[in-house]
Amino acid sequence: MTYPRHDLFDDVAVRLDSVSLRYDTSEDILSDIDLVLKPGSFSFLTGASGAGKTSLLKLLYLALKPSRGEVSLFGRPTSNLTRDQLSSLRRRVGVVFQEFRLLEHLSAYENVALPLRVLGRRESDYRADVEELLAWVGLGQRLHAKPPTLSGGEQQRVAIARAVVTQPDILIADEPTGNVDPDMGTRLMRLFLELNKRRGTTVIIATHDLGLVRQVEAPVYRLSNRLLVQDVEFGGETARRRTDPGLEG
Amino acid sequence: MAKETPLLPVEDVREAALFFVVGALCFLAALAALSAKSTYGAAKSWTAEVQGELTVSLPDVDRRGADEAREVIEQTQGVRTARVLSKEEIDALLEPNFGSRGLPDSLPLPQLIAVEADPAVPDMGPTLARNLAEAGIASAVDEHADWAGDVRRVLGVARLTALIAVALLASTAVAVIAFATHAALLARRDIVDVLHLAGARDRFIAGLFERRFWVLGLRAGAVGALMALGAAALMIFTVQVHGSRAGLLPELSLDFLDLVILVVTPVIAGFAARFAARMTVIRALKGMM
């Protein structure tokens, strides 16, 4: 089984240049955001509720077009790509949605295998991988359970397994530990770190959980007042720091 | 593991309603197509029968004069047969108007000559009238092809109407399925979103809906075609049992072409459903990034 790898000449996994976002005619949700995530980097995204974390992540996983500016993945500006080219990029991005977005008529196993079905893989080829992954997130006995019968934490683990099953080049997770106990949160964080270290997966995690942030020495970006700043408390070196007088001090 | 679960869940009441609507449309479309074909066949048959047939009416002659006229007619180039109708035959022709008791002898009736001519010879009617006039015989020549042309034109309009009905019914089916696909798309937006963000190409997602509606179109079309077959068979049976006195009704039957129409109906319904679903989904996906 082959998995997508970074393009040879990719020097950045994600790049946002002066990106702004607004819905309809409302004010900007995000304003003039610059961000660079290098391949293999591990970052956190924090901010108060409603600060625009999910919107920013949607830009990163190509669910939304920016109102202004450019989003580039793997060195490719996305604004002029064809729909098939965008689909190809999305296949290299794993997403853990805040609301899980599991398909209720499919079992846990089938939900996890969904991206592999999209890729056209044969069930006999991926069966063992999917079962192993589900066992790893503690759901080895719940392969055939449908999402409505799973607890919130179990659904979250299925969602995480689905996001990582293709071993994506970028993993974007929106509050991935919000519904699990601290032990499982630590374990899932270890999964993300393993993906990051072993495969060089670029990981960005949006979270409120500062305890989780403190477990990993990684750059922290904070959304506040529509702007993205690098949080000096946690440090890091991959992002361009954005200064805003209103946020300093 | 067991067989893979379809990515689109098995549908609900809405799909049953759609099945009914598409089935009914296919029933009507198949009947309209059968009518168009039957009308065409009837027109062809009627016009073929009357081509080259003429009736010569002789108002002022007796039987001997009629025989003289027949000889003149028979000598005209292109005439195959000419026959003076007997009094009984004329009575039979007028029976629908005057009843079965016959006509009083005192009622003056013209002598009639039934003529069969080569349809390829042009202007047979005027030629006969001219020859008879030159022989000093007053006559009125009725060329059956003249009124057959009127019948053909009327049947042509009927056939065109039936074909328009088929086209309208097919368009309606496509529109209904497009509407249903759009509704299904909205209802399954969660699935479409997840597939889209997992990197599924538009044709992959459209294919899920295409397959769903292809099967629905085939099944509903088959039911509609079977119902049309039943209706046609009932009509034929009724005409055969009670139609012996309804001489104007065309002879009805189901031939190979009719069966082709019935077999093709569900296939067309399936393709139309597939096409409508594809167009609807692709257009909707274009609205997503």
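Annotations for the structure displayed:
- Restricted to region B:1-54, and to residues there that are among the aromatic types (Phe, Trp, Tyr) and modelled with pLDDT under 80, the residue that is farthest from the chain's Cα centre (by Cα) is B:Trp46.
- Taken together, the residues in region B:22-54 that are touching a helix residue (DSSP H, G or I) at 6+ places or on another chain (Cβ under 7 Å) and closer than 30 Å to B:Asn131 by Cα amount to 6.
- Looking across region A:42-53, the residues that are in contact with a Phe, Trp or Tyr (Cβ under 9 Å, 6 or more places away or on another chain) and either under 21 Å from A:Leu195 (Cβ atoms) or assigned to a helix (DSSP H, G or I) (or both) come down to A:Phe42, A:Ser43, A:Phe44, A:Leu45, A:Thr46.
- If the condition is being more than 16 Å from B:Arg63 (Cβ to Cβ) and touching a strand residue (DSSP E or B) at 6+ places or on another chain (Cβ under 9 Å), then region B:90-110 contributes only B:Leu93.
- Restricting region B:99-120 to residues that are in contact with a helix residue (DSSP H, G or I) (Cβ under 8 Å, 6 or more places away or on another chain) and without any contact (Cβ under 8 Å) to a residue 24 or more places away in the chain, the residue that is nearest to B:Asp142 (Cα to Cα): B:Leu109
- Scanning region B:38-63 for residues that are more than 27 Å from B:Ile236 (Cβ to Cβ), of a type outside the set (A, V, I, L, M) and in contact with a Pro (Cβ under 7 Å, 6 or more places away or on another chain) gives B:Gly52, B:Ser57, B:Pro59.
- Region A:105-133, residues that are farther than 18 Å from B:Leu195 by Cα and at the interface with chain B (Cβ under 8 Å from one of its Cβ atoms): A:Arg127
- Out of A:Leu102, A:Leu81, one residue alone is within 14 Å of chain B (Cβ to nearest Cβ), within 24 Å of B:Leu8 (Cβ to Cβ) and in a loop (DSSP other than H, G, I, E, B). It is A:Leu102.
- Hits in region A:84-99 (condition: under 20 Å from A:Gln155 (Cβ atoms) and facing another protein chain (nearest Cβ under 8 Å)): A:Val95
- Pick from region A:105-126, criterion in a helix (DSSP H, G or I) and charged (D, E, K, R), ranking: nearest to A:Ser151 (Cα to Cα): A:Glu110
- Any chance B:Leu58 is in contact with a strand residue (DSSP E or B) (Cβ under 6 Å, 6 or more places away or on another chain) and touching a residue at least 40 places away in the same chain (Cβ under 8 Å): yes
- The set of residues in region B:121-142 being assigned to a helix (DSSP H, G or I) and more than 20 Å from B:Arg64 (Cβ to Cβ) consists of B:Met124, B:Gly125, B:Pro126, B:Thr127, B:Ala129, B:Arg130.
- The sole residue among A:Lys65, A:Lys58 that is over 13 Å from the mean Cα position of the chain (by Cα) and either farther than 23 Å from A:Gln156 by Cβ or within 10 Å of chain B (Cβ to nearest Cβ) (or both) is A:Lys65.
- Residue check, A:Val203 modelled with pLDDT of 80 or more, within 20 Å of A:Ala163 (Cα to Cα) and part of a strand (DSSP E or B): yes
- Residue in region B:228-241 that is over 17 Å from the mean Cα position of the chain (by Cα) and either within 30 Å of A:Leu102 (Cβ to Cβ) or within 14 Å of chain A (Cβ to nearest Cβ) (or both) present: no
Yes/no matrix, rows are residues, columns are (1) touching a helix residue (DSSP H, G or I) at 6+ places or on another chain (Cβ under 9 Å); (2) part of a helix (DSSP H, G or I); (3) crowded, with 16+ Cβ neighbours inside 10 Å; (4) hydroxyl-bearing (Ser, Thr, Tyr):
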position	(1), (2), (3), (4)
A:Val180	yes, no, yes, no
A:Gly185	yes, yes, yes, no
A:Leu188	yes, yes, yes, no
A:Leu195	yes, yes, yes, no
A:Arg198	no, yes, no, no
A:Gly211	yes, yes, no, no
A:Glu217	no, no, no, no
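- Among the candidates A:Arg83, A:Arg92, the residue that is touching a residue at least 40 places away in the same chain (Cβ under 8 Å) and out of contact with any strand residue (DSSP E or B) (no Cβ under 6 Å at 6 or more places or on another chain) is uniquely A:Arg92.
- Filter result for B:Glu71 (closer than 18 Å to B:Ala135 by Cβ and either modelled with pLDDT of 85 or more or among the hydroxyl-bearing types (Ser, Thr, Tyr) (or both)): yes
- Test result for A:Ala145, in contact with a Ser or Thr (Cβ under 8 Å, 6 or more places away or on another chain), under 30 Å from A:Ser224 (Cβ atoms), more than 10 Å from chain B (Cβ to nearest Cβ) and surrounded by fewer than 22 Cβ atoms within 10 Å (Cβ to Cβ): no
- Only one entry of B:Ala140, B:Ala170 meets the criterion of being more than 14 Å from chain A (Cβ to nearest Cβ) and over 34 Å from the mean Cα position of the chain (by Cα), and that entry is B:Ala140.
The values are calculated or read from the model by the stated rules, or taken from the named source; none is laboratory data. The structure presented is a predicted model; accordingly, all values stated were derived computationally and were not measured. For neighbour counting, all protein chains shown are included, and Cβ atoms are generated from backbone atoms with ideal geometry for every residue, glycine included.
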